[in-house]
Amino acid sequence: MIDHKIADISLAEAGRHQIRLAEHEMPGLMALREEYAAAQPLAGARIAGSLHMTVQTAVLIETLVALGADVRWASCNIFSTQDEAAAAVVVGVGTVDAPAGVPVFAWKGETLAEYWWAADQIFRWDGHDGPNMILDDGGDATMLVHKGREFERAGAVPVGTETDPAEYRILLELLRKSLAEDPERFTRMSEGIQGVSEETTTGVNRLYQLASGNELLFPAINVNDSVTKSKFDNRYGIRHSLPDGLNRATDVLIGGKVAFIVGYGDVGKGAAEALRGQGARVIVSEIDPICALQAAMDGYQVARIEDVLDEADIFITTTGNTRVITVQHLLGMKHNAIVGNIGHFDDEIDLAGLAAVPGVEKIDIKPQVHEWRLPASAGDGARAAHSVIVLSEGRLLNLGNATGHPSFVMSNSFANQVIAQIELFAGHEQYERQVYRLSKKLDEKVARLHLDALGVKLTELTKEQADYIGVDVAGPYKSDHYRY
Ligand code: NAI
């Protein structure tokens, strides 16, 4: 019996049907399976995966296995697992009574303690010190190893303070137990890890911070900044999955409403476009003059949140930053304003601060939808008692209230992940403990794998034209500084 902890293994058949349909929509991953079936480039790889356990991720996991890898998997968010997908991956080619798939530790609605327990499980490999590869989304798996090793070196785990986020205090507790059980566990493990491929903007930022402090323990590939990832998943994926989350959560008509988008990076651009497409009047805020100018040229009003609190009906945070919606903002919003986040972590909206306001009440409407009743306030910002509707407790609402991005766009992201895993596993001696990106040639390859399915007929350069613009007929077609 393979090791696992999921919600309900009897959902496997339902999950398998969805995976089958997703495979058809994931031509990039299926092409990689075919290309590498014989070579088995991941034979010997033990991959610890921490990424939303959705149907699309199931196709990624089974692609890694098809290329020879052994895999253990957890989700990188407490609400993002699709339980039927997790069940199907665990059952694999076996049966519900005798599963023979991949060990998965993920279910929708984990507590924070369960989240870190599951994250720890992907590092426990029978007969080995740990995995030799990490596939990460948001950097929690990578952080677990780095913090574990740091505290082992120090010989102690610090005591969390009241100001530390709850999840960090739980992580410290887990590492304290690990240190007591085996004081060199993460030290040995980190020596055997050949690399990490990281999925998202927030995780990539963490990797660059580690690398700049010379603290990165193994090479990393920044998958997010492949053009075929961030300019597609972050933008077109969000354009699809943000309205999906809003609709499933609230079923409020978006047309005619005023929507406020905090941040106009790749995710913010997709969010603004989606809500404008639904007929909302969209207002954007930015700290970066370039992105603010882009938003203005794209036809959006650009304003500060405090100036439009009594106008906006829907607030969406997309920054990867902390407390971009403060308690004061929340208290100043219209009655039943909808507030949600699609950035990676849950600290964009200060719900911890809101919970500490005297007289605030939180009411369960349904899973991942809460009405926060706010007391009347006196003074300058005087307001009558009113409510705000908060989605997914401030965690990524497109995965908490819906099922994340659709398969086709994730096929682009995950084709980059598979190629990054092959690169790092097969060629790790060539890499320093730095953060790398995949080559433009590979980026173009990922795009190419998705053209036929959409009926795209690519124009071919003549030799004369290629020479004229100074590229090879077979690509790459752009220089590294080109921005798309
Ligand atoms: P980005 O860096 O392209 O965009 C973030 C933008 O927010 C930047 O333009 C920045 O200037 C702006 N910003 C930062 N602080 C701000 C503030 N206080 N007020 C207004 N604007 C502010 O990053 P990207 O790729 O758009 O990702 C954003 C977040 O979304 C990250 O946490 C990323 O990991 C996450 N993400 C979530 C996905 C999902 O499915 N929910 C998919 C892809 C990324």
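The values are calculated or read from the model by the stated rules, or taken from the named source; none is laboratory data. None of these values were measured; they are calculated from a predicted model. Neighbour counts are summed over all protein chains in view; Cβ atoms, including those assigned to glycine, are modelled from backbone coordinates with ideal geometry. Please note that ligands, DNA and RNA were not included when accessible areas were found on the heavy atoms of the full protein model with its side chains. Shrake-Rupley method; radii C 1.70, N 1.55, O 1.52, S 1.80 Å.
Key figures
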read-out	value
FRET efficiency, 1/(1 + (r/R0)^6) with R0 30 Å, evaluated for THR95 and LEU21 via beta carbons	0.90
Charged-residue dipole, Cβ positions (Lys, Arg, Asp, Glu), the chain about Cα centre, Debye nearest 20	580
DSSP beta bridges in the chain [antiparallel fraction, %, rounded to 5]	25
Near-label residues of segment 234-259 by backbone N, under 20 Å of a point 7 Å along Cα→Cβ of ASN336	243-259
ASP467-HIS128 FRET efficiency (beta carbon distance; Förster radius 45 Å; 0.05 resolution)	0.30
Subset of LYS445/LYS478; LYS5/LYS108; LYS229/LYS457; LYS231/LYS440 violating a 19 Å alpha-carbon distance limit	LYS229/LYS457
Formal net charge of residues neighbouring PHE315 (Cβ-Cβ distance under 14 Å; K, R +1; D, E -1)	-2
Backbone HN-Hα couplings from phi across segment 23-30 [Karplus 6.51/-1.76/1.60, Hz, Gly and Pro as x]	4, 5, 8, 10, x, x, 5, 5
Estimated [θ] at 222 nm from DSSP helical runs (n ≥ 4, -39500 (n - 2.57)) normalised by residues in the chain, nearest 500	-12000 deg cm²/dmol
Fraction of beta bridges assigned by DSSP in segment 1-159 that are antiparallel (%, nearest 5)	0
Cα→Cβ-extended label distance, 7 Å offset, between GLN434 and TYR484, nm	2.2
Cβ-derived FRET efficiency at R0 22 Å, LYS457 paired with GLU34, nearest 0.05	0.50
Segment 1-122 - accessible surface per residue (Å², probe 1.4 Å)	35
Charge dipole of the chain about the Cα centre (unit charges at C-beta), most positive-ward option of GLN209, LEU354, LEU461	LEU461
Dipole magnitude of segment 427-473 about its Cα centre (Cβ charges: Lys, Arg +1; Asp, Glu -1), debye to nearest 20	180
Residue-count net charge about VAL223 - beta-carbon cut-off 10 Å; Lys, Arg +1, Asp, Glu -1	-4
Charge dipole of the chain about the Cα centre (unit charges at C-beta), most positive-ward option of GLY400, VAL258, ALA37	VAL258
Vicinal HN-Hα couplings computed from phi for segment 216-229 (Karplus, 6.51 cos²θ - 1.76 cosθ + 1.60; Hz; Gly/Pro x)	5, 8, 7, x, 9, 10, 7, 6, 3, 8, 5, 4, 6, 9
Charge dipole of the chain about the Cα centre (unit charges at C-beta), most positive-ward option of ILE342, THR322, ALA220	ILE342
In Hz, Karplus ³J(HN,Hα) per residue of segment 415-429 (6.51, -1.76, 1.60; θ = phi - 60°; x = Gly, Pro)	4, 4, 4, 5, 5, 5, 5, 5, 4, 6, 6, 7, x, 4, 5
Lys, Arg +1 and Asp, Glu -1 on Cβ, resulting dipole of segment 208-293 about Cα centre, debye, nearest 20	360
Cα gyration tensor shape of the chain, rounded if a/c is under 1.5, else prolate or oblate by comparing a/b with b/c	oblate
Interchain or long-range residues, amide H under 5 Å from VAL302's placed H	VAL284
Interchain or long-range residues, amide H under 5 Å from ILE365's placed H	HIS370, GLU371
Sulfur and carbon atoms: percent of accessible area, segment 190-287 [1.4 Å]	46
Inter-part distance where segment 165-200 and segment 36-80 are each reduced to a Cα centre, Å	20
Segment 396-423 and segment 369-390: distance between their alpha carbon centers, rounded to Å	37
Local electrostatic count at PRO243 - Lys and Arg +1, Asp and Glu -1, tallied over other residues with Cβ under 13 Å	+1
Rounded to 5, percent antiparallel among DSSP beta bridges of segment 313-416	55
Long-range amide H partners of HIS386 with built H, under 5 Å	LEU374
